[in-house]
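Encoded as C-alpha coordinates, the structure appears first; notes follow it.
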Amino acid sequence: MTLKIGVIGTGMIGRDHTRRIQQVLAGAEVVALSDYNPDAARAVQADLAPAAKVYERGEDLIAAPDVDAVLICSTGATHEAYVLAAIAAGKPCFCEKPLATTAEGAKRIVDAEVAHGARLVQVGFMRRYDAGYWMLKDVVDSQIGAPLMVHAAHRNPAVPEQYVTPMAIHDTLIHEIDVFRWLLDDDYVSAQVVFPRKSRHAHGGVADPQIVLLETKKGIRIDVEIFVNCRYGYDIQCQVVGEEGLANLPEPMAITLRKDARLQNAILTDWKDRFVDSYDVELADFVQAAARGTASGPSSWDGYVAAISSDACVEAQEKTGQIIPITLPDRPALYD
Ligand code: NAP
(Lines give C-alpha, C1' and ligand atoms only; values in the text may rest on other atoms or scores of the structure.)
Protein backbone atom coordinates (compact mmCIF):
# COMPACT_ATOMS: atom_id res chain seq x y z
CA MET A 1 0.00 0.00 0.00
CA THR A 2 1.26 3.48 -0.85
CA LEU A 3 0.58 6.04 1.89
CA LYS A 4 -1.01 9.16 0.41
CA ILE A 5 0.44 12.24 2.06
CA GLY A 6 -0.68 15.88 2.12
CA VAL A 7 1.94 18.55 2.86
CA ILE A 8 0.90 21.83 4.49
CA GLY A 9 3.51 24.56 4.18
CA THR A 10 5.73 24.34 1.12
CA GLY A 11 8.55 26.66 2.17
CA MET A 12 12.08 25.47 2.83
CA ILE A 13 11.43 22.35 4.93
CA GLY A 14 8.06 21.49 3.30
CA ARG A 15 9.73 21.45 -0.11
CA ASP A 16 12.59 19.34 1.24
CA HIS A 17 10.26 16.81 2.89
CA THR A 18 8.21 16.63 -0.33
CA ARG A 19 11.43 15.81 -2.23
CA ARG A 20 12.21 13.20 0.41
CA ILE A 21 8.81 11.49 0.04
CA GLN A 22 8.86 11.67 -3.75
CA GLN A 23 12.48 10.84 -4.49
CA VAL A 24 14.16 9.18 -1.50
CA LEU A 25 11.71 7.10 0.51
CA ALA A 26 9.58 4.15 -0.49
CA GLY A 27 5.98 3.53 0.50
CA ALA A 28 4.47 7.00 0.21
CA GLU A 29 3.57 9.67 -2.30
CA VAL A 30 2.57 13.33 -1.98
CA VAL A 31 -0.97 13.68 -3.32
CA ALA A 32 -1.83 17.12 -1.89
CA LEU A 33 -0.07 20.40 -1.17
CA SER A 34 -1.18 23.57 0.55
CA ASP A 35 0.47 26.83 1.46
CA TYR A 36 -0.67 30.23 2.62
CA ASN A 37 1.04 31.35 -0.56
CA PRO A 38 -0.53 29.17 -3.31
CA ASP A 39 2.28 30.07 -5.72
CA ALA A 40 4.75 28.35 -3.37
CA ALA A 41 2.58 25.20 -3.36
CA ARG A 42 2.25 25.29 -7.15
CA ALA A 43 6.02 25.66 -7.53
CA VAL A 44 6.61 22.55 -5.41
CA GLN A 45 3.88 20.75 -7.37
CA ALA A 46 5.58 21.63 -10.67
CA ASP A 47 9.05 20.66 -9.44
CA LEU A 48 8.35 17.57 -7.36
CA ALA A 49 4.76 16.32 -7.33
CA PRO A 50 2.95 17.00 -10.63
CA ALA A 51 0.08 14.66 -9.72
CA ALA A 52 -0.61 16.38 -6.38
CA LYS A 53 -3.68 18.58 -5.91
CA VAL A 54 -3.10 22.10 -4.55
CA TYR A 55 -5.48 23.20 -1.79
CA GLU A 56 -5.96 26.82 -0.77
CA ARG A 57 -6.78 25.85 2.80
CA GLY A 58 -4.81 23.40 4.90
CA GLU A 59 -8.06 22.34 6.62
CA ASP A 60 -9.47 21.18 3.27
CA LEU A 61 -6.30 19.18 2.58
CA ILE A 62 -6.64 17.42 5.96
CA ALA A 63 -10.28 16.60 5.27
CA ALA A 64 -9.65 15.32 1.71
CA PRO A 65 -10.69 11.64 1.49
CA ASP A 66 -7.62 10.64 -0.51
CA VAL A 67 -5.18 12.08 2.06
CA ASP A 68 -4.14 9.33 4.52
CA ALA A 69 -1.58 11.33 6.53
CA VAL A 70 -0.39 14.92 6.84
CA LEU A 71 2.99 16.67 7.08
CA ILE A 72 2.68 20.05 8.80
CA CYS A 73 5.58 22.21 7.66
CA SER A 74 4.02 25.68 7.82
CA THR A 75 5.08 28.50 10.12
CA GLY A 76 5.19 27.52 13.81
CA ALA A 77 2.18 29.62 14.86
CA THR A 78 -0.07 27.61 12.53
CA HIS A 79 0.91 24.14 13.79
CA GLU A 80 -1.52 23.77 16.68
CA ALA A 81 -4.69 24.30 14.63
CA TYR A 82 -3.56 21.92 11.88
CA VAL A 83 -2.48 19.19 14.32
CA LEU A 84 -5.82 19.44 16.14
CA ALA A 85 -7.64 19.19 12.78
CA ALA A 86 -5.59 16.09 11.85
CA ILE A 87 -6.39 14.43 15.20
CA ALA A 88 -10.10 15.29 14.78
CA ALA A 89 -9.94 13.62 11.34
CA GLY A 90 -8.16 10.59 12.86
CA LYS A 91 -5.21 11.03 10.47
CA PRO A 92 -1.54 10.52 11.45
CA CYS A 93 0.42 13.74 11.21
CA PHE A 94 4.07 14.68 11.27
CA CYS A 95 4.45 18.17 12.75
CA GLU A 96 7.66 20.11 12.36
CA LYS A 97 8.90 21.68 15.56
CA PRO A 98 7.51 23.47 17.46
CA LEU A 99 4.40 21.39 18.14
CA ALA A 100 2.78 24.66 19.25
CA THR A 101 4.11 28.09 20.12
CA THR A 102 2.79 27.93 23.69
CA ALA A 103 2.81 25.20 26.32
CA GLU A 104 -0.97 25.64 26.63
CA GLY A 105 -1.33 24.99 22.90
CA ALA A 106 0.83 21.86 23.12
CA LYS A 107 -1.30 20.67 26.07
CA ARG A 108 -4.46 21.05 23.99
CA ILE A 109 -2.89 18.71 21.43
CA VAL A 110 -1.90 16.18 24.12
CA ASP A 111 -5.45 16.31 25.52
CA ALA A 112 -6.97 15.79 22.07
CA GLU A 113 -4.67 12.86 21.30
CA VAL A 114 -5.35 11.25 24.69
CA ALA A 115 -9.10 11.66 24.08
CA HIS A 116 -8.62 10.01 20.68
CA GLY A 117 -7.02 7.10 22.55
CA ALA A 118 -4.03 6.35 20.29
CA ARG A 119 -0.96 8.13 19.04
CA LEU A 120 -1.33 10.06 15.80
CA VAL A 121 1.36 12.74 16.10
CA GLN A 122 5.12 12.66 15.50
CA VAL A 123 7.07 15.86 16.21
CA GLY A 124 10.03 16.77 13.99
CA PHE A 125 12.82 16.34 16.52
CA MET A 126 15.11 14.71 13.99
CA ARG A 127 18.21 14.43 16.18
CA ARG A 128 16.73 11.29 17.75
CA TYR A 129 17.24 9.73 14.31
CA ASP A 130 20.84 10.88 13.86
CA ALA A 131 23.31 7.98 13.65
CA GLY A 132 25.81 9.83 15.88
CA TYR A 133 23.28 10.36 18.67
CA TRP A 134 22.22 6.69 18.34
CA MET A 135 25.83 5.60 18.84
CA LEU A 136 26.23 8.00 21.75
CA LYS A 137 23.05 6.72 23.41
CA ASP A 138 24.18 3.14 23.06
CA VAL A 139 27.46 3.93 24.85
CA VAL A 140 25.76 6.09 27.50
CA ASP A 141 23.27 3.29 28.22
CA SER A 142 25.87 0.52 28.42
CA GLN A 143 29.45 1.64 29.00
CA ILE A 144 30.06 4.82 31.00
CA GLY A 145 28.10 4.10 34.16
CA ALA A 146 25.60 6.62 35.48
CA PRO A 147 25.76 9.90 33.53
CA LEU A 148 26.77 12.79 35.78
CA MET A 149 27.34 15.75 33.48
CA VAL A 150 26.78 16.81 29.88
CA HIS A 151 28.85 19.50 28.17
CA ALA A 152 27.34 20.62 24.89
CA ALA A 153 27.53 23.35 22.28
CA HIS A 154 25.28 24.50 19.46
CA ARG A 155 27.15 26.87 17.17
CA ASN A 156 26.05 28.54 13.94
CA PRO A 157 28.28 30.68 11.73
CA ALA A 158 25.86 33.64 11.76
CA VAL A 159 22.17 34.50 12.13
CA PRO A 160 20.01 37.10 10.36
CA GLU A 161 18.90 40.43 11.90
CA GLN A 162 15.46 39.04 12.82
CA TYR A 163 17.03 36.40 15.11
CA VAL A 164 16.54 37.76 18.62
CA THR A 165 17.62 36.42 22.03
CA PRO A 166 14.56 34.19 22.84
CA MET A 167 15.01 32.44 19.48
CA ALA A 168 18.23 30.97 20.86
CA ILE A 169 15.87 28.86 22.97
CA HIS A 170 12.80 28.36 20.77
CA ASP A 171 14.65 27.80 17.48
CA THR A 172 18.12 26.63 18.49
CA LEU A 173 18.25 25.02 21.96
CA ILE A 174 14.88 23.30 21.38
CA HIS A 175 16.73 20.44 19.66
CA GLU A 176 19.09 19.96 22.63
CA ILE A 177 16.16 20.20 25.02
CA ASP A 178 14.49 17.26 23.31
CA VAL A 179 17.49 15.11 22.50
CA PHE A 180 18.99 15.21 26.00
CA ARG A 181 15.70 13.99 27.55
CA TRP A 182 15.85 11.07 25.13
CA LEU A 183 19.61 10.51 25.52
CA LEU A 184 19.50 10.50 29.32
CA ASP A 185 15.97 9.13 29.78
CA ASP A 186 15.34 11.97 32.18
CA ASP A 187 13.42 15.24 32.57
CA TYR A 188 14.49 18.71 33.63
CA VAL A 189 13.85 20.26 37.02
CA SER A 190 15.45 23.67 36.53
CA ALA A 191 17.07 26.07 34.09
CA GLN A 192 19.50 28.94 34.45
CA VAL A 193 21.03 31.19 31.78
CA VAL A 194 24.20 33.26 31.99
CA PHE A 195 25.66 35.54 29.36
CA PRO A 196 29.41 35.70 28.71
CA ARG A 197 31.01 38.72 27.07
CA LYS A 198 29.05 39.51 23.90
CA SER A 199 30.68 38.76 20.55
CA ARG A 200 31.26 41.84 18.40
CA HIS A 201 29.78 39.84 15.51
CA ALA A 202 26.37 39.61 17.23
CA HIS A 203 23.88 42.24 16.08
CA GLY A 204 21.97 44.41 18.57
CA GLY A 205 18.94 42.14 19.06
CA VAL A 206 20.72 39.01 20.19
CA ALA A 207 22.82 38.33 23.26
CA ASP A 208 25.45 35.96 21.93
CA PRO A 209 26.94 33.68 23.15
CA GLN A 210 24.89 32.39 26.04
CA ILE A 211 25.20 29.42 28.38
CA VAL A 212 22.15 27.43 29.46
CA LEU A 213 22.47 25.30 32.59
CA LEU A 214 19.91 22.53 33.03
CA GLU A 215 19.46 20.17 35.94
CA THR A 216 17.61 16.87 35.58
CA LYS A 217 15.52 14.82 38.00
CA LYS A 218 18.43 12.38 38.39
CA GLY A 219 20.72 15.30 39.28
CA ILE A 220 22.62 15.40 35.99
CA ARG A 221 24.01 18.85 35.24
CA ILE A 222 23.98 19.97 31.62
CA ASP A 223 25.72 23.05 30.25
CA VAL A 224 24.96 24.12 26.68
CA GLU A 225 26.85 26.88 24.95
CA ILE A 226 24.69 28.57 22.32
CA PHE A 227 26.88 30.62 20.01
CA VAL A 228 25.04 31.63 16.84
CA ASN A 229 27.67 33.98 15.41
CA CYS A 230 30.70 31.76 15.89
CA ARG A 231 31.81 32.43 12.29
CA TYR A 232 33.77 29.22 11.73
CA GLY A 233 30.99 26.73 10.98
CA TYR A 234 27.89 24.81 12.08
CA ASP A 235 29.13 22.74 14.97
CA ILE A 236 27.17 20.49 17.32
CA GLN A 237 29.12 19.14 20.27
CA CYS A 238 27.99 16.84 23.07
CA GLN A 239 30.08 15.12 25.71
CA VAL A 240 28.53 12.93 28.38
CA VAL A 241 30.61 12.36 31.52
CA GLY A 242 29.70 9.21 33.41
CA GLU A 243 30.90 7.41 36.55
CA GLU A 244 33.04 4.99 34.51
CA GLY A 245 34.00 7.00 31.45
CA LEU A 246 33.27 9.76 29.04
CA ALA A 247 31.58 9.67 25.62
CA ASN A 248 31.59 12.23 22.81
CA LEU A 249 29.10 12.68 19.97
CA PRO A 250 31.02 11.65 16.82
CA GLU A 251 32.10 14.38 14.43
CA PRO A 252 30.36 14.30 11.03
CA MET A 253 32.23 12.18 8.52
CA ALA A 254 34.84 14.27 6.71
CA ILE A 255 38.01 13.71 4.69
CA THR A 256 41.18 14.17 6.67
CA LEU A 257 43.52 16.18 4.47
CA ARG A 258 47.28 16.28 4.89
CA LYS A 259 48.56 19.18 2.82
CA ASP A 260 50.97 22.10 3.06
CA ALA A 261 52.30 20.85 6.40
CA ARG A 262 48.78 20.91 7.88
CA LEU A 263 46.33 18.25 9.04
CA GLN A 264 42.79 19.41 8.22
CA ASN A 265 39.17 18.28 8.54
CA ALA A 266 36.45 20.39 6.93
CA ILE A 267 33.71 21.67 9.26
CA LEU A 268 30.14 21.95 7.95
CA THR A 269 28.65 25.41 7.59
CA ASP A 270 24.98 24.61 6.84
CA TRP A 271 22.79 22.92 9.46
CA LYS A 272 20.81 21.20 6.70
CA ASP A 273 23.89 19.18 5.77
CA ARG A 274 24.53 18.09 9.37
CA PHE A 275 21.21 16.28 9.81
CA VAL A 276 20.27 15.44 6.23
CA ASP A 277 20.34 11.69 6.86
CA SER A 278 18.32 11.93 10.06
CA TYR A 279 15.50 13.74 8.21
CA ASP A 280 15.32 10.75 5.88
CA VAL A 281 15.16 8.29 8.79
CA GLU A 282 12.58 10.28 10.77
CA LEU A 283 10.22 10.50 7.80
CA ALA A 284 10.72 6.82 6.99
CA ASP A 285 9.64 6.09 10.58
CA PHE A 286 6.61 8.33 10.12
CA VAL A 287 5.61 6.64 6.87
CA GLN A 288 5.89 3.17 8.42
CA ALA A 289 3.82 4.05 11.47
CA ALA A 290 1.26 6.11 9.54
CA ALA A 291 0.69 3.19 7.20
CA ARG A 292 -0.50 1.34 10.33
CA GLY A 293 -2.70 4.32 11.27
CA THR A 294 -0.53 5.43 14.18
CA ALA A 295 2.64 7.40 15.01
CA SER A 296 5.97 6.66 16.69
CA GLY A 297 9.11 8.61 17.58
CA PRO A 298 8.95 12.00 19.34
CA SER A 299 5.39 12.40 20.60
CA SER A 300 2.99 15.22 21.42
CA TRP A 301 4.05 14.69 25.02
CA ASP A 302 7.68 15.31 24.02
CA GLY A 303 6.56 18.44 22.17
CA TYR A 304 4.64 19.58 25.24
CA VAL A 305 7.57 18.98 27.60
CA ALA A 306 9.88 20.79 25.18
CA ALA A 307 7.51 23.77 25.23
CA ILE A 308 7.37 23.85 29.05
CA SER A 309 11.15 23.48 29.31
CA SER A 310 11.89 26.14 26.71
CA ASP A 311 9.48 28.59 28.35
CA ALA A 312 11.50 28.12 31.57
CA CYS A 313 14.73 28.76 29.65
CA VAL A 314 13.35 31.99 28.18
CA GLU A 315 12.30 33.08 31.67
CA ALA A 316 15.84 32.23 32.80
CA GLN A 317 17.21 34.47 30.03
CA GLU A 318 15.02 37.31 31.25
CA LYS A 319 16.02 36.72 34.90
CA THR A 320 19.71 36.23 34.15
CA GLY A 321 21.47 34.06 36.70
CA GLN A 322 18.30 33.00 38.54
CA ILE A 323 17.45 29.30 38.74
CA ILE A 324 13.97 28.78 37.26
CA PRO A 325 12.16 25.61 38.36
CA ILE A 326 10.64 23.33 35.70
CA THR A 327 7.55 21.46 36.83
CA LEU A 328 5.92 18.89 34.59
CA PRO A 329 2.41 17.46 34.91
CA ASP A 330 1.93 13.69 35.16
CA ARG A 331 2.52 11.91 31.88
CA PRO A 332 -0.62 10.26 30.44
CA ALA A 333 -0.34 6.47 30.05
CA LEU A 334 -0.65 6.87 26.26
CA TYR A 335 2.97 8.08 26.23
CA ASP A 336 4.53 5.37 28.45
P1 NAP B 1 9.39 28.78 5.55
O2 NAP B 1 10.41 28.55 4.50
O3 NAP B 1 9.02 30.19 5.90
O4 NAP B 1 8.08 28.00 5.09
C5 NAP B 1 6.87 28.06 5.78
C6 NAP B 1 5.76 28.12 4.76
O7 NAP B 1 4.50 28.03 5.44
C8 NAP B 1 5.75 29.43 3.96
O9 NAP B 1 5.61 29.15 2.58
C10 NAP B 1 4.55 30.14 4.52
O11 NAP B 1 3.94 31.03 3.59
C12 NAP B 1 3.63 28.97 4.83
N13 NAP B 1 2.53 29.31 5.69
C14 NAP B 1 2.41 30.32 6.59
N15 NAP B 1 1.20 30.26 7.19
C16 NAP B 1 0.55 29.20 6.66
C17 NAP B 1 -0.73 28.63 6.86
N18 NAP B 1 -1.59 29.13 7.75
N19 NAP B 1 -1.05 27.54 6.14
C20 NAP B 1 -0.20 27.01 5.25
N21 NAP B 1 1.02 27.51 5.00
C22 NAP B 1 1.39 28.59 5.70
O23 NAP B 1 9.80 28.08 6.90
P24 NAP B 1 10.62 26.73 7.12
O25 NAP B 1 12.03 27.06 7.35
O26 NAP B 1 10.27 25.76 6.05
O27 NAP B 1 10.04 26.25 8.53
C28 NAP B 1 8.73 25.71 8.65
C29 NAP B 1 8.62 25.01 10.00
O30 NAP B 1 9.57 23.95 10.04
C31 NAP B 1 8.92 25.91 11.19
O32 NAP B 1 8.06 25.59 12.26
C33 NAP B 1 10.36 25.58 11.55
O34 NAP B 1 10.66 25.77 12.91
C35 NAP B 1 10.41 24.11 11.18
N36 NAP B 1 11.76 23.68 10.81
C37 NAP B 1 12.30 22.62 11.46
C38 NAP B 1 13.57 22.22 11.17
C39 NAP B 1 14.19 21.05 11.88
O40 NAP B 1 15.41 20.98 11.94
N41 NAP B 1 13.41 20.12 12.40
C42 NAP B 1 14.30 22.87 10.20
C43 NAP B 1 13.71 23.93 9.53
C44 NAP B 1 12.44 24.33 9.83
P45 NAP B 1 4.34 32.59 3.64
O46 NAP B 1 5.81 32.63 3.35
O47 NAP B 1 3.51 33.21 2.57
O48 NAP B 1 4.02 33.07 5.02
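Under 11 Å from a point 7 Å along the Cα-to-Cβ line of Glu318: which residues of the range 75-111 have their amide N that close?
none
Set the Förster distance to 25 Å, then compute FRET efficiency between Ala26 and Asp185 from the Cβ-Cβ distance, nearest 0.05. Walk me through the numbers on the way to the answer.
Values: r = 32 Å, r/R0 = 1.27.
Between Ala26 and Asp185 the formula returns 0.20.
In whole Å, how far is the Cα centre of the range 262-336 from that of the range 142-188?
Answer, in whole Å: 9.
Total Lys pairs in the chain closer than 23 Å by alpha-carbon, pairs eight or more apart in sequence or interchain only?
14
For the chain, go through all pairs of different Cα atoms, get the mean of 1/r, take its inverse, and jot down that Kirkwood value in Å.
Working: mean 1/r = 0.0480 Å⁻¹.
With all distinct Cα pairs of the chain included, I get 20.8 Å.
Please give, to one decimal in nm, the separation of the simple spin-label points placed at Arg19 and His116, each 7 Å out from Cα toward the Cβ.
2.9
Got a sec? Charge dipole of the chain, +1 on Cβ for Lys and Arg, -1 for Asp and Glu; which of Ala191, Ile177, Met12 is way out at the positive end?
Farthest along the dipole direction, towards plus: Met12.
Distance from a point 7 Å along Cα→Cβ of Ala88 to each backbone N in the range 37-72: keep the residues under 14 Å and list them by number.
Only 58-64 pass the distance filter.
Provide the net charge surrounding Thr269, with neighbours chosen by a C-beta distance below 15 Å and charges set as Lys +1, Arg +1, Asp -1, Glu -1. List each step's numbers first, then the result.
Working: positive: Arg155, Arg231, Lys272, Arg274; negative: Asp235, Glu251, Asp270, Asp273.
Every neighbour counted, the sum reads 0.
About the Cα centre, and with charges only on the beta carbon of Lys, Arg (+1) and Asp, Glu (-1), how big is the dipole of the range 101-233? Nearest 20 debye, please.
Values: 15 positive and 17 negative charges, 62 e Å.
About 300 debye.
Peptides 215-221, 174-180, 17-23: what's the order by average Cβ count within 10 Å, highest mean first? Spell out each step's value before the answer.
Working: 215-221: 15.4, 174-180: 23.6, 17-23: 19.9.
The most tightly packed comes first, giving 174-180, 17-23, 215-221.
Answer rounded, prolate or oblate for the range 1-71, using the Cα gyration tensor with square roots of eigenvalues a ≥ b ≥ c: rounded when a/c is under 1.5, else prolate when a/b is larger than b/c, else oblate.
Details: a/c = 1.76, a/b = 1.12, b/c = 1.58.
In terms of gyration-tensor shape, oblate.
Only bridges with both residues in the chain count here: give the DSSP antiparallel percent, nearest 5.
55
Distance between Cα centroids, the range 1-69 to the range 70-121: provide it in whole Å.
Cα centroid to Cα centroid, the span is 18 Å.
Starting from the Cα of Asp141, step 7 Å along the direction of its Cβ; do the same at Glu161; then give the gap between the two resulting points in nm.
Placing both labels 7 Å along Cα→Cβ, they lie 4.8 nm apart.
Would you grab the residues whose amide H sits under 5 Å from the one on Ala28? Only those 5+ places off in sequence or on another chain, please, with H modelled 1.01 Å from N.
For Ala28, whose amide H was placed from the backbone, the distant partners under 5 Å are Leu3.
Name the long-range amide H neighbours of Thr294: under 5 Å, sequence gap of 5 or more, or other chain; modelled H, no Pro or chain starts.
Amide H neighbours of Thr294: none.
Could you check the spin-label model distance between Met149 and Asp60? Points 7 Å from the Cα along Cα→Cβ, value in nm.
Between Met149 and Asp60, the simple spin-label model gives 5.8 nm.
Within a Cβ distance under 15 Å of Ile109, other residues only, what is the Lys/Arg minus Asp/Glu net charge?
In short, 0.
Dipole magnitude of the chain about its Cα centre, charges +1 at Lys/Arg Cβ and -1 at Asp/Glu Cβ only, in debye to the nearest 20?
Working: 32 positive and 46 negative charges, 121 e Å.
The calculation lands at about 580 debye.
Going by accessible area, probe 1.4 Å, with all protein chains left in place, what is the ranking of Val24, Val67, largest first?
Listed by decreasing accessible area, they come as Val24, Val67.
May I ask for the net charge around Phe94, where only other residues with Cβ less than 10 Å from the Cβ of Phe94 are counted and Lys, Arg are +1 while Asp, Glu are -1? Write out the running numbers ahead of the final one.
Values: positive: none; negative: Glu96, Glu282, Asp285.
Here the charged neighbours net out to -3.
Peptides 158-166, 222-230, 74-82, 256-264: what's the order by average Cβ count within 10 Å, highest mean first?
Working: 158-166: 13.9, 222-230: 20.9, 74-82: 18.8, 256-264: 8.0.
Put in order of decreasing packing, that is 222-230, 74-82, 158-166, 256-264.
The values are calculated or read from the model by the stated rules, or taken from the named source; none is laboratory data. On a predicted model such as this, the values are computed, not experimentally measured, just so you know. Counting neighbours? That spans all protein chains shown, and the Cβs are built from the backbone with ideal geometry, glycine included. These area figures cover heavy atoms from the full protein model, side chains too; ligands, DNA and RNA do not enter into them. Shrake-Rupley method; radii C 1.70, N 1.55, O 1.52, S 1.80 Å.
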